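Here the structure comes first, spelled out in structure tokens, and everything after it is commentary.
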Amino acid sequence: MITESYEFFAPTSVDEALSLLARHGDDAKVLAGGMTLVPIMTLGLTQPAAVVSLNHLSGLDQVQEETDSVAIGARATHHTLETHATVSSHFPLLSEAASSIGDPQIRHRGTLGGSLAHADPAADYPPVMLALGARFVLRSRSGERVVAAGDFFVDLLTTALRADELLTEIRIPKLEPGTGTAATKLHRVEGSFGIVTAAATISGCGRRGKLAVGGVAPIPVLIDLDSHLVEGPSEAAHATIASEVWERSADASPDLTASVEYKRSMARVMARRVIDHAVERAGAKGGQS
Amino acid sequence: MTDVVKYLVSFEVNGESHRRDVDPRLLLVDMLRDDLRLTGTHVGCSTGNCGACTVVLDGKTVKSCCVLAADVEGSRILTIEGMSEGPDQLHPVQEAFVENHGLQCGYCTPGMVLSARQLLESNPSPSEEEIRRGIAGNLCRCTGYVFIVKSIQAAAEATTTDKRPSAEGAEPNP
Ligand SMILES: Cc1cc2nc3c(=O)[nH]c(=O)nc-3n(C[C@H](O)[C@H](O)[C@H](O)COP(=O)(O)OP(=O)(O)OC[C@H]3O[C@@H](n4cnc5c(N)ncnc54)[C@H](O)[C@@H]3O)c2cc1C
Ligand code: FES
Ligand code: FES
């Protein structure tokens, strides 16, 4: 049972939701899937005066293919991303990440927007969004702005979202043909949160790419692989990538599951795995076309 | 602290319509158990981890401790009580759990059975790994899962065999 009382609102349009946020400001909390918000309210860790549910809006839950990008509504569930053909054909790493979140019940209800807005450092989506160069649409009553994934994550559990703004859409540019992608996570058992998460894209016959690693700093770390991959994904390239991952994960914090050293060491292992996987997929694709 | 402003919701549970003025703080699981006296839905953790509170909300399993009662306007909910007509007409999944020792204390069982049902609806002949992934959101402290997996395998077999006669002549079975 939640102990502190609050007012509940279930707007039926985005405009109505934005007016409520404008009116209640910092005192309001947006409720999407509730898979994070409801437990932390039950635990008394957050005590909003108003809860604005997005569950009765129409829209904001579609996956739409456009010419150069795919637009995903913030309310799309993990289950939708796991099973949607447009998502898995354009961004296999995104459906992979979605399918490794929690368990079936969490995936049925939890949303992409909710996970990104919560900005847990070990969540599965943030590294994927960085590696893909996604852009986030933030809307308030005073208008709309588009923020790059790299500018959206500001600090531990902190994003560029203002209290009067909703994350409405995630736009992901289509990948150039021959790009291989992969996402992976280190976790203890099926259904548990990641300790280290990683995502990679590899293009240009293995000479260009991006790697993003979560769980090793307050916000995910993005590494441009181009300078490492001048000679392709050689052992030497893996060695320099590993040292950069090690250095860039110095801000990792220890938690109940892992020490800093373990996280940093495993970040190197996960980086290697996810890159190898993306390289393999890029090769397979290149071979076909 | 704000005064409690109640919120009116209409919804359906196990085919029966309800209309209730709820305290926004009320969790769906508490409404089901305390107000509707459907105590087959259990509470293990209240924080989304154990799956004892699993119900089917608009066709998909969810953890009802993470859903606000105020948020179920227009929804159709199925709880374990609505899964069969009574003890003599158990659902094939329930039957299989009974036959195969898929439960000991029974605390996790309602959630486990609903997750198994959901899995078999989308995947009538799951592999062992698919079964284990399908029940990953339901913790059991008693069985060690082996007999639960066996029960779900048996339910899958029973339901695919059951369907065979009516499917005869229509489509070949893969
Ligand atoms: C048992 C369990 C296991 C889990 N395992 C994983 C895991 O392995 N990997 C993983 O990444 N996550 C995991 N999660 C978290 C899960 O993915 C949540 O679904 C997600 O973090 C929050 O999404 P939600 O839609 O439920 O959002 P909510 O809980 O409703 O909201 C989360 C936060 O985002 C804000 N918010 C939501 N939507 C918007 C929006 N459109 N605009 C602005 N603000 C918004 C809310 O105000 C709140 O602060 C797990 C959760 C549980 C309970
Ligand atoms: S009581 Fe809901 S998941 Fe444990
Ligand atoms: S049978 Fe006791 S918890 Fe599963």
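The values are calculated or read from the model by the stated rules, or taken from the named source; none is laboratory data. Predicted, not measured: the structure shown is a model, and the values here were computed from it. Heads up, the Cβs are rebuilt from the backbone with ideal geometry, glycines too, and the neighbour counts pull from every protein chain shown. Accessible surface is based on the protein model in full, side chains and every heavy atom, while ligands, DNA and RNA are left aside. Shrake-Rupley method; radii C 1.70, N 1.55, O 1.52, S 1.80 Å.
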For the stretch A:196-269 and the stretch B:1-51, distance of Cα centres in Å: 45
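Assign unit charges at the C-beta atoms only (+1 for Lys and Arg, -1 for Asp and Glu), then state the dipole size of the protein assembly as shown relative to its Cα centre in Debye, rounded to the nearest 20.
In total the dipole reaches around 680 debye.
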Buried area at the A-B interface (accessible, heavy atoms, 1.4 Å probe, summed, Å²): 2800
0 to 90° range, to nearest 10: angle between helix B:109-122 axis and chain B longest Cα axis: 60
Within straight-line cross-link reach of A:K29, aspartates and glutamates at Cα separation under 13 Å, skipping those fewer than 8 residues along the same chain: A:E7, A:D164, A:E165
Ratio of the Cα radius of gyration of the stretch B:92-163 to 2.2 N^0.38 Å, where N counts its residues: 0.96
Overall form of the stretch A:42-165 per C-alpha gyration tensor (a/c, 1.5; a/b vs b/c): rounded
Residues along the stretch B:108-145 losing 30 Å² or more of accessible surface when the other protein chains are present rather than the chain by itself (probe 1.4 Å): B:R133, B:A136
Under 9 Å, Cβ to Cβ, from A:G34 - net charge with Lys/Arg +1 and Asp/Glu -1: 0
Computed accessible area, A:F153, all protein chains, 1.4 angstrom probe, square angstrom: 10
Where the protein assembly as shown is the region considered: accessible area per residue in Å², 1.4 Å probe: 45
Gap separating the Cα centres of the stretch B:65-132 and the stretch A:121-156, nearest whole Å: 37
Longest to shortest principal axis, alpha-carbon extents of chain B, angstrom: 61, 38, 28
Quotient of C-alpha Rg and 2.2 N^0.38 Å, computed over chain A: 1.01
Test item: A:24-34 mean partner chain Cβ contacts at 10 Å: 2
Listed residues B:F97, B:F147 arranged by accessible area, highest first, probe 1.4 Å: B:F147, B:F97
Accessible-area value, A:I172, 1.4 Å probe, nucleic acids and ligands omitted, Å²: 0
